[in-house]
Each structure stands twice: as C-alpha cells, then as structure tokens.
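Participant: This is the structure, below, for whatever I ask next.
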Amino acid sequence: MARVIHVFRQPDRFIAGTVGQPGDRVFYLQAVESARTVSVTIEKQQVVVLAERIGSLLEEVHRRFGAEIPADVPDDLVDADPLQVPVEEEFRVGTMGLGWDAETRAVVIELLAATEGEVDESVVLDDTEEGPDAVRVFLSPTEARAFAERADRVVNAGRKPCPLCAEPLDPAGHVCPRQNGYRRGEED
C-alpha cells in the first residue's frame with residue numbers, strides 16, 4: 001500500500017487537544033485547512049516534547065538566520081476552541097520530525113504513524129513512496145509559537161500534581177511515595 005502524506009501548507013488551525021476527563025484523556029493533534037480535517041492521536045509526553053522543541057527551534061532560527069520570532073502570541077491567534085468534531089483518528093503518532101524551511105520561512109512539523117519496526121530517518125520530512133503515513137504541517141513562526149503555547153495549556157489542564165512527589169492527584173488521592181505509602185488527597 002502506498003504511503004499517504006497529508007500536507008497542510010497554510011492550515012486554518014493546527015492544535016493540540018484532548019477528549020475525555022483528566023486522568024483518562026486521549027491527546028490529539030488536529031490540522032484543518034478549508035474543508036479538510038486530519039486528527040492523529042499522540043501521547044501526552046510527545047505533546048510536551050513537541051512544544052519544547054518548537055520553542056528551541058524558534059530560538060535557533062532567530063539566532064542563525066535572524067528571523068523575526070514573536071515573544072508573545074497576538075490575541076487573534078490564541079485558539080481556545082475545542083477540537084473539531086467528529087474526531088476521527090487517522091493514525092497514532094510514532095515518530096515526529098521538526099525542521100525549518102528557509103524558502104517559505106516556515107516551521108515544518110511532520111508526524112509519522114507508529115509502526116512495528118524502526119523508522120528509517122530518511123523518510124522523515126521526505127516525499128518517498130516508502131514509509132509510514134504522515135501529516136506534514138507548515139507554520140509561520142507566530143503560528144508555531146501559538147501552537148506551542150496552546151499545547152502547554154492543554155497538557156497542564158489535567159490533574160493537579162502532588163506537591164510532594166509531583167505525580168498526578170486523583171480525586172480520591174494517591175499513594176504518595178514521599179509519604180511512605182500513605183494515601184494523599186487534594187486537601188492534604
């Protein structure tokens with residue numbers, strides 16, 4: 001079967017979002033352009049890493065190429081809306097790629113479907129016929145900054161961390177390793 005690459009050169013939206021209650025959330029990345037919407041499932045930690053790496057990439061692009069990188073996201077680019085529904089998973093993200101396209105002056109994010117074996121790095125950010133399905137999104141530096149800020153908000157909107165061990169607190173509390181196994185609740 002041929003590889004499918006969903007390319008979004010000027011997306012209307014590219015966001016991180018969740019479905020479900022804190023402690024039982026499923027994380028998605030969703031790209032929307034005109035009438036086309038593609039949603040992929042992703043692990044929470046992958047969202048964290050992607051947001052951090054985008055910040056690092058923007059700093060590097062500014063340092064090396066002198067590109068104008070916004071420190072803050074303009075109010076009109078702050079996207080607090082939920083994921084578009086219905087949310088239909090295209091695939092689960094395995095490998096992620098991140099780069100800078102100097103020609104279009106855009107951050108390029110590529111999300112590859114999880115596979116059984118190792119992914120050959122040559123297929124990341126490439127249009128080869130072989131390899132896992134992918135979503136490739138081009139974002140301006142401002143849009144990339146907006147994506148990273150929203151991703152941070154989405155990740156931090158879950159359960160509050162325990163002040164002692166930083167593990168997430170369930171409404172009924174949790175067995176805190178710093179309390180020698182005693183149950184610790186949100187009120188403690």
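Participant: Along the charge dipole of the chain, pointing to its positive end and built from +1/-1 on Cβ of Lys, Arg, Asp and Glu, which listed residue (Thr128, Gln21, Val108) has its Cα farthest out?
Facilitator: Value computed over the given set: Gln21.
Participant: Residue by residue through the range 84-89, what is 3J(HN,Hα) from phi via Karplus (6.51 cos²θ - 1.76 cosθ + 1.60, θ = phi - 60°)? Round to whole Hz and write x for glycine and proline.
Facilitator: Running phi through 6.51 cos²θ - 1.76 cosθ + 1.60 with θ = phi - 60° gives 6, 10, x, 8, 10, 5 Hz.
Participant: Take every Cα pair under 8 Å in the chain that's 6+ residues apart, average their separations, divide by the length, and report that relative contact order as a whole percent.
Facilitator: Relative contact order here is 25 percent.
Participant: What ³J(HN,Hα) values, in whole Hz, does the Karplus curve 6.51 cos²θ - 1.76 cosθ + 1.60 give for the range 95-111 when θ = phi - 60°, with x put for Gly and Pro?
Facilitator: Along the range 95-111, the couplings run 9, 10, x, 9, x, 10, 9, 5, 5, 9, 6, 10, 7, 10, 10, 10, 10 Hz.
Participant: Taking other Cβ within 10 Å of each residue's Cβ, how do Cys165, Cys176 sort, fewest first?
Facilitator: The most exposed by this proxy come first: Cys165, Cys176.
Participant: While we're on this one: If you filter the range 1-109 for GluC sites (Glu not before Pro), then keep DSSP loop positions with at most 12 other Cβ within 10 Å, what is left? Walk me through the numbers before you get to the answer.
Facilitator: On the way: sites: Glu33, Glu43, Glu52, Glu59, Glu60, Glu68, Glu88, Glu89, Glu90, Glu103; in loops: Glu43, Glu68, Glu88, Glu103.
Of the GluC sites (Glu not before Pro), the ones in loops of the range 1-109 whose Cβ has at most 12 other Cβ atoms within 10 Å are Glu68, Glu88, Glu103.
Participant: Next up: Taking K and R as +1 and D and E as -1, what net charge do the other residues with C-beta under 14 Å from the C-beta of Val48 add up to?
Facilitator: On the way: positive: Arg25, Lys44, Arg53, Arg150, Arg153; negative: Glu43, Glu52, Glu149, Asp152.
For residues surrounding Val48, the net value is +1.
Participant: FRET efficiency for Ala102 and Glu129, Cβ-Cβ distance as r, R0 = 22 Å, nearest 0.05?
Facilitator: About 0.30, to the nearest 0.05.
Participant: Cα centroids of the range 60-112 and the range 19-49: how far apart, whole angstrom?
Facilitator: Using only Cα atoms, the two centres lie 14 Å from each other.
Participant: Is the range 51-162 rounded, prolate or oblate when judged by the Cα gyration tensor, a ≥ b ≥ c being the square roots of its eigenvalues, rounded requiring a/c under 1.5 and prolate requiring a/b larger than b/c?
Facilitator: Because a/c hits 1.5 or more and a/b fails to exceed b/c, the range 51-162 counts as oblate.
Participant: Now, a different point. So how strong a dipole does the chain carry about its Cα centre when Lys and Arg Cβ are +1 and Asp and Glu Cβ are -1, to the nearest 20 debye?
Facilitator: About 620 debye.
Read-outs: derived from the displayed coordinates by stated rules, not from any lab. In this text the structure is predicted, and so the values were computed from the model without any measurement. In this analysis, Cβ positions are derived from the backbone assuming ideal geometry, glycine residues included, and neighbour counts consider all displayed protein chains.
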